[in-house]
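The values are calculated or read from the model by the stated rules, or taken from the named source; none is laboratory data. Fair warning: this is a prediction, and the values are worked out from it, not measured in the lab. For neighbour counting, all protein chains shown are included, and Cβ atoms are generated from backbone atoms with ideal geometry for every residue, glycine included. When the accessible area is computed, the model is the full protein with side chains, heavy atoms only, and any ligands, DNA or RNA have been set aside. Shrake-Rupley method; radii C 1.70, N 1.55, O 1.52, S 1.80 Å.
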Amino acid sequence: MFTGIIKSVSEVKSLKNTDVLSVLIKTPKSWNVALGDSISINGICSTVAKKSARDFEVTYIPETLRKTTAKDFVIGSVINLEKSLCVGDTLDAHFVTGHIDTVGMIQNIKNEGKSKIFSITLPKEFLDYIVYKGSITIDGVGLTVSLKTSKGFEVSLIPYTLSNTNLDKRKVGDRVNIETDMIGKYVLNYAKKTKNRK
(Lines give C-alpha, C1' and ligand atoms only; values in the text may rest on other atoms or scores of the structure.)
Protein backbone atom coordinates (compact mmCIF):
# COMPACT_ATOMS: atom_id res chain seq x y z
CA MET A 1 0.00 0.00 0.00
CA PHE A 2 1.23 3.47 -0.93
CA THR A 3 0.03 7.07 -0.74
CA GLY A 4 1.03 8.63 -4.07
CA ILE A 5 3.54 10.93 -2.36
CA ILE A 6 6.81 10.39 -4.24
CA LYS A 7 9.77 10.07 -1.88
CA SER A 8 12.56 10.13 -4.42
CA VAL A 9 13.37 10.25 -8.12
CA SER A 10 16.00 7.86 -9.47
CA GLU A 11 17.07 6.29 -12.76
CA VAL A 12 17.30 2.95 -14.53
CA LYS A 13 20.91 1.73 -14.62
CA SER A 14 20.52 -1.42 -16.72
CA LEU A 15 17.96 -3.76 -18.26
CA LYS A 16 18.03 -7.48 -18.90
CA ASN A 17 15.21 -9.10 -20.83
CA THR A 18 14.93 -12.89 -20.72
CA ASP A 19 11.61 -14.54 -19.84
CA VAL A 20 11.15 -11.59 -17.45
CA LEU A 21 12.42 -8.00 -17.52
CA SER A 22 15.05 -7.33 -14.85
CA VAL A 23 15.52 -3.65 -14.08
CA LEU A 24 18.48 -2.33 -12.09
CA ILE A 25 17.77 0.94 -10.29
CA LYS A 26 20.07 3.35 -8.52
CA THR A 27 19.30 3.40 -4.79
CA PRO A 28 18.52 6.94 -3.57
CA LYS A 29 20.84 8.39 -0.95
CA SER A 30 19.75 7.65 2.63
CA TRP A 31 17.45 4.83 1.49
CA ASN A 32 17.76 1.47 3.21
CA VAL A 33 16.46 -1.17 0.81
CA ALA A 34 15.98 -4.79 1.86
CA LEU A 35 15.28 -7.92 -0.16
CA GLY A 36 11.55 -8.44 -0.51
CA ASP A 37 10.67 -4.76 0.04
CA SER A 38 7.72 -3.41 -1.94
CA ILE A 39 8.56 -0.21 -3.80
CA SER A 40 6.33 1.77 -6.14
CA ILE A 41 8.26 2.40 -9.35
CA ASN A 42 6.34 4.80 -11.60
CA GLY A 43 3.27 3.55 -9.76
CA ILE A 44 4.00 -0.16 -10.26
CA CYS A 45 4.18 -2.17 -7.03
CA SER A 46 7.57 -3.87 -7.40
CA THR A 47 9.49 -6.34 -5.24
CA VAL A 48 13.21 -5.97 -4.54
CA ALA A 49 14.74 -9.20 -5.88
CA LYS A 50 18.43 -8.27 -5.58
CA LYS A 51 20.37 -5.45 -3.94
CA SER A 52 23.83 -4.05 -3.45
CA ALA A 53 25.18 -1.01 -1.66
CA ARG A 54 24.37 1.27 -4.61
CA ASP A 55 21.43 -0.25 -6.44
CA PHE A 56 18.58 -2.73 -6.37
CA GLU A 57 16.86 -4.93 -8.92
CA VAL A 58 13.22 -5.68 -9.62
CA THR A 59 11.70 -8.04 -12.18
CA TYR A 60 8.55 -7.71 -14.27
CA ILE A 61 6.63 -10.64 -15.72
CA PRO A 62 4.89 -10.51 -19.14
CA GLU A 63 1.51 -9.61 -17.55
CA THR A 64 3.06 -6.51 -15.96
CA LEU A 65 4.74 -5.58 -19.21
CA ARG A 66 1.41 -5.81 -21.06
CA LYS A 67 -0.47 -3.64 -18.53
CA THR A 68 2.12 -0.96 -17.65
CA THR A 69 4.85 1.22 -19.14
CA ALA A 70 7.64 -0.94 -17.69
CA LYS A 71 8.40 -2.17 -21.20
CA ASP A 72 9.16 1.45 -22.15
CA PHE A 73 12.05 1.70 -19.68
CA VAL A 74 15.46 2.42 -21.17
CA ILE A 75 18.82 3.00 -19.50
CA GLY A 76 18.66 6.45 -17.95
CA SER A 77 14.86 6.54 -17.63
CA VAL A 78 13.92 8.86 -14.75
CA ILE A 79 11.50 7.10 -12.41
CA ASN A 80 9.35 7.96 -9.40
CA LEU A 81 9.92 5.93 -6.23
CA GLU A 82 7.86 5.47 -3.08
CA LYS A 83 8.38 2.92 -0.31
CA SER A 84 5.35 1.06 0.99
CA LEU A 85 3.45 2.37 4.00
CA CYS A 86 4.40 1.24 7.48
CA VAL A 87 2.14 1.15 10.52
CA GLY A 88 2.16 4.64 12.04
CA ASP A 89 3.00 6.47 8.80
CA THR A 90 0.87 9.48 7.94
CA LEU A 91 -1.52 9.16 5.01
CA ASP A 92 -0.98 12.51 3.32
CA ALA A 93 -2.57 11.69 -0.03
CA HIS A 94 -4.84 8.72 -0.83
CA PHE A 95 -4.83 4.94 -0.89
CA VAL A 96 -2.67 3.63 -3.73
CA THR A 97 -2.21 -0.11 -4.32
CA GLY A 98 0.44 -0.05 -7.02
CA HIS A 99 -1.83 -2.18 -9.23
CA ILE A 100 -1.96 -0.31 -12.53
CA ASP A 101 -5.39 -0.21 -14.18
CA THR A 102 -4.33 0.96 -17.60
CA VAL A 103 -1.87 3.07 -19.56
CA GLY A 104 -2.89 6.58 -20.59
CA MET A 105 -1.35 8.98 -23.07
CA ILE A 106 -0.48 12.63 -22.53
CA GLN A 107 -2.54 14.47 -25.15
CA ASN A 108 -1.64 18.04 -24.20
CA ILE A 109 0.49 19.99 -21.70
CA LYS A 110 -0.48 23.56 -20.92
CA ASN A 111 1.77 25.89 -18.93
CA GLU A 112 -0.09 28.02 -16.41
CA GLY A 113 2.43 30.24 -14.64
CA LYS A 114 4.74 27.88 -12.75
CA SER A 115 2.19 25.07 -12.83
CA LYS A 116 1.15 22.76 -15.67
CA ILE A 117 -2.09 21.17 -16.79
CA PHE A 118 -1.86 17.67 -18.25
CA SER A 119 -4.62 16.34 -20.51
CA ILE A 120 -4.56 12.54 -20.57
CA THR A 121 -6.56 10.15 -22.73
CA LEU A 122 -7.61 6.67 -21.62
CA PRO A 123 -9.08 3.54 -23.20
CA LYS A 124 -12.85 4.09 -23.16
CA GLU A 125 -13.54 1.15 -20.83
CA PHE A 126 -11.82 3.05 -18.00
CA LEU A 127 -13.63 6.38 -18.39
CA ASP A 128 -16.32 5.43 -15.86
CA TYR A 129 -13.65 5.23 -13.16
CA ILE A 130 -12.75 8.88 -13.56
CA VAL A 131 -14.58 11.24 -11.20
CA TYR A 132 -14.34 15.03 -11.16
CA LYS A 133 -12.33 16.05 -8.05
CA GLY A 134 -11.66 12.38 -7.44
CA SER A 135 -8.26 10.80 -6.84
CA ILE A 136 -6.05 9.55 -9.65
CA THR A 137 -2.49 8.25 -9.73
CA ILE A 138 -0.17 9.01 -12.66
CA ASP A 139 3.18 7.19 -12.68
CA GLY A 140 2.77 6.76 -8.93
CA VAL A 141 1.98 10.43 -8.25
CA GLY A 142 -1.29 10.93 -6.35
CA LEU A 143 -3.29 13.74 -7.95
CA THR A 144 -6.81 15.16 -8.18
CA VAL A 145 -8.90 15.13 -11.35
CA SER A 146 -9.51 18.79 -12.23
CA LEU A 147 -11.65 18.05 -15.29
CA LYS A 148 -13.27 14.96 -16.77
CA THR A 149 -13.30 14.94 -20.58
CA SER A 150 -14.95 12.77 -23.23
CA LYS A 151 -11.70 10.88 -23.77
CA GLY A 152 -9.99 11.11 -20.39
CA PHE A 153 -9.23 13.78 -17.82
CA GLU A 154 -7.06 16.72 -16.80
CA VAL A 155 -4.86 17.24 -13.74
CA SER A 156 -3.14 20.39 -12.51
CA LEU A 157 0.43 20.03 -11.30
CA ILE A 158 1.80 22.45 -8.72
CA PRO A 159 5.47 23.54 -8.80
CA TYR A 160 6.37 21.23 -5.88
CA THR A 161 5.07 18.18 -7.74
CA LEU A 162 6.93 19.18 -10.89
CA SER A 163 10.17 19.67 -8.95
CA ASN A 164 9.97 16.42 -6.98
CA THR A 165 8.73 13.90 -9.56
CA ASN A 166 9.51 12.93 -13.12
CA LEU A 167 6.33 14.54 -14.47
CA ASP A 168 8.16 17.76 -15.36
CA LYS A 169 10.13 15.74 -17.92
CA ARG A 170 7.03 14.27 -19.58
CA LYS A 171 6.13 15.26 -23.14
CA VAL A 172 3.02 15.11 -25.30
CA GLY A 173 2.66 11.56 -26.61
CA ASP A 174 4.28 9.93 -23.57
CA ARG A 175 2.57 6.89 -22.08
CA VAL A 176 1.90 6.94 -18.32
CA ASN A 177 0.71 4.41 -15.77
CA ILE A 178 -2.77 5.09 -14.44
CA GLU A 179 -4.30 3.80 -11.21
CA THR A 180 -7.84 4.98 -10.59
CA ASP A 181 -9.31 5.56 -7.14
CA MET A 182 -9.51 2.28 -5.21
CA ILE A 183 -12.72 3.12 -3.36
CA GLY A 184 -14.37 4.29 -6.57
CA LYS A 185 -13.56 0.99 -8.27
CA TYR A 186 -15.26 -1.01 -5.53
CA VAL A 187 -18.33 1.25 -5.55
CA LEU A 188 -18.66 1.08 -9.35
CA ASN A 189 -18.16 -2.69 -9.37
CA TYR A 190 -20.85 -3.14 -6.72
CA ALA A 191 -23.24 -0.83 -8.56
CA LYS A 192 -22.81 -2.80 -11.79
CA LYS A 193 -23.44 -6.12 -10.02
CA THR A 194 -26.55 -4.72 -8.33
CA LYS A 195 -27.88 -3.43 -11.67
CA ASN A 196 -27.29 -6.81 -13.33
CA ARG A 197 -29.32 -8.59 -10.62
CA LYS A 198 -32.43 -6.53 -11.39
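Observations
- Whole-Hz Karplus values for the stretch 91-99 come out as 9, 7, 10, 9, 5, 10, 8, x, 9 Hz, taken residue by residue from phi with 6.51 cos²θ - 1.76 cosθ + 1.60 and θ = phi - 60°; glycine and proline positions read x.
- At the residue level, Met182 shows approximately 40 square angstrom of accessible surface with a 1.4 angstrom probe and all protein chains present.
- Spin-label zone in the stretch 134-154 - amide nitrogen under 20 Å from a point set 7 Å from the Cα of Gln107 along the C-beta vector: 134-139, 143-154
- Acute angle (nearest 10 degrees) that the helix 182-197 long axis makes with the longest principal axis of the chain, alpha-carbon atoms: 50 degrees
- The charge dipole of the chain, taken about its Cα centre with unit charges on the Cβ of Lys, Arg, Asp and Glu (plus for the first two, minus for the last two), comes to roughly 420 debye.
- Whether the stretch 69-161 is rounded, prolate or oblate, judged on the alpha carbon gyration tensor where a/c under 1.5 counts as rounded: rounded
- Residue-normalised convex hull volume from the C-alpha trace of the chain: 138 Å³ per residue.
- Extension gain, Leu65-Tyr186: 0.36 nm per intervening residue step, less the Cα-Cα distance, totals 41.1 nm.
- Each of the peptides 40-49, 80-89, 106-115 was scored by the mean count of other Cβ atoms within 10 Å over its residues; in descending order, highest first, they stand as 40-49, 80-89, 106-115.
- Separation of the His99 and Ser30 label points, Cα + 7 Å toward Cβ, nm: 3.3 nm
- Protein heavy-atom surface of the stretch 1-52, 1.4 angstrom probe: 49% of the accessible area is carbon and sulfur, with nucleic acids and ligands not counted.
- Global geometry of the stretch 1-108, whether rounded, prolate or oblate, following the gyration tensor of its Cα atoms and the 1.5 cut on a/c: oblate
- MRE, 222 nm, helices only [DSSP H, n ≥ 4, -39500 (n - 2.57), over the chain, to nearest 500]: -4000 deg cm²/dmol
- Distance-filtered residues of the stretch 38-58 - backbone nitrogen under 14 Å, label point 7 angstrom along Asp89 Cα→Cβ: 38-48
- Average accessible area per residue (Å²) across the chain - probe 1.4 Å, nucleic acids and ligands excluded: 56 Å²
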